[in-house]
Amino acid sequence: MKKSRSGFLREIRSNGSAYLLVVPAAIYTLVFGYFTLPYMLIAFQKFNFKTGLFNSAWVGFDNFKFFFSSPRAWEVTFNTLKLNFLFIIVGTLGAMALAILFNELRSRWFSRVTQSTILFPHFLSWVIVSYIIYSLLSTDYGILNRILAFFHIDPVNWYASPQYWTWILTTAAVWKDLGMNLVIYLAAITGIDDSYYEAGRIDGATRWQLIRHITIPLMLPTISILTLLALGKIMYGSFDMIYAIVKDNGLLYPTVDVIDTYVFRSLRTIGNPAQAMAVGLYQSVVGFILVWGSNKIVKKVNPDHALF
């Protein structure tokens with residue numbers, strides 16, 4: 001025991017500057033990730049700020065009724081899952097395809113400029129993106145309606161047509177995060193040993209065969225881990241994106257209203273933190289089950305690709 005403790009102290013002394021950099025992130029994780037865990041209890045209480053966490057009255061599952069007794073509970077749950085599945089599938093396939101294409105480019109200058117251009121939207125706030133989308137979709141002055149008018153097609157009132165918004169939001173989410181995912185997949189590709197490609201070329205493999213039998217299989221561990229991490233947040237509905245773009249437009253709720261925006265609107269008038277915690281707990285439990293179940297399936301197929 002003494003030996004392991006002295007080894008730990010020696011490790012701290014020898015890499016002190018590195019551990020110092022970790023301190024802010026560790027404090028943030030402890031305060032907001034672990035010290036707040038006891039407050040999950042308020043999901044089962046009639047929480048009173050005066051009496052506090054341990055003296056508030058217990059109400060069992062009554063706070064969950066607020067959400068599950070709502071006629072729109074299953075609609076917003078479906079919208080949340082639908083949008084997040086589309087973000088994961090389209091985003092992963094798009095980033096994979098682009099990473100493979102960039103890896104095949106021979107012009108490094110063109111590749112770097114294009115990568116930087118694709119990465120730029122990741123650093124824009126959703127408020128700015130919402131104005132970009134408005135400039136495209138505005139009924140009277142939007143670019144898309146002007147193009148439709150040029151081809152003598154009737155303009156579309158996009159902000160009153162919910163059927164288009166699943167794919168509008170998917171396009172916006174993928175466009176914004178494509179660059180960051182592209183960087184991760186490119187890093188995975190550049191980590192592949194060149195000897196595999198050399199062996200393939202000696203055997204007469206074409207470029208497509210090298211991609212199919214070497215690049216894609218060796219990208220699978222990265223794809224698997226990123227997908228499993230994304231599944232953990234699948235019940236969280238990108239509140240900042242949807243609220244910035246859609247705002248309180250009730251005409252679009254049938255296809256874009258997700259759990260987070262629904263709860264925010266409800267609690268803005270009710271103001272009960274216990275009900276918000278109940279819905280948050282529901283999202284966390286379902287997210288954990290999805291990650292655990294998906295990881296179990298991945299582990300059966302290939303244990304090396306599993307997250308834990």
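Before moving on, here are some points about what is shown:
- Selected residue (criterion: nearest to residue 239 (Cα to Cα)) from residues of the range 148-184 that are open to solvent by 60 Å² or more (accessible area, probe 1.4 Å), outside any helix (DSSP H, G or I) and of a type outside the set (A, V, I, L, M): 157
- Any hit, the range 57-73, residues being in a loop (DSSP other than H, G, I, E, B) and of a type in the set (A, V, I, L, M): yes
- Check on residue 255, within 20 Å of the chain's Cα centre (by Cα) and not small (Gly, Ala, Ser): yes
- Residue pairs whose Cβ atoms lie under 9 Å apart, separated by 6 or more positions or on different chains, with the first residue in the range 180-196 and more than 16 Å from residue 112 (Cα to Cα) and free of Cβ contacts under 8 Å to residues at least 24 places away in the same chain and the second among the aliphatic types (A, V, I, L, M) and open to solvent by less than 70 Å² (accessible area, probe 1.4 Å), are 196/210; 196/214.
- When residue 121 is tested against the conditions (1) at pLDDT below 90; (2) in contact with a Lys or Arg (Cβ under 6 Å, 6 or more places away or on another chain), the lone failure is (1).
- The residue list 76, 23, 31 contains one member that is over 25 Å from the mean Cα position of the chain (by Cα) and either open to solvent by 40 Å² or more (accessible area, probe 1.4 Å) or touching a residue at least 24 places away in the same chain (Cβ under 8 Å) (or both), which is 23.
- Criterion: within 30 Å of residue 187 (Cβ to Cβ) and either assigned to a helix (DSSP H, G or I) or not aromatic (Phe, Trp, Tyr) (or both) - qualifying residue of 8, 78, 87: 87
- Every residue from the range 61-73 that is of a type in the set (A, V, I, L, M, F, W, C) and surrounded by 14 or more Cβ atoms within 10 Å (Cβ to Cβ): 64, 66, 67, 73
The values are calculated or read from the model by the stated rules, or taken from the named source; none is laboratory data. Since the model is a prediction, treat every value here as computed from it, not as a measurement. Using ideal geometry, Cβ is built from the backbone for each residue, glycine included, and neighbour counts are taken over all protein chains shown. Accessible surface areas use protein heavy atoms only, side chains included; no ligands, DNA or RNA. Shrake-Rupley method; radii C 1.70, N 1.55, O 1.52, S 1.80 Å.
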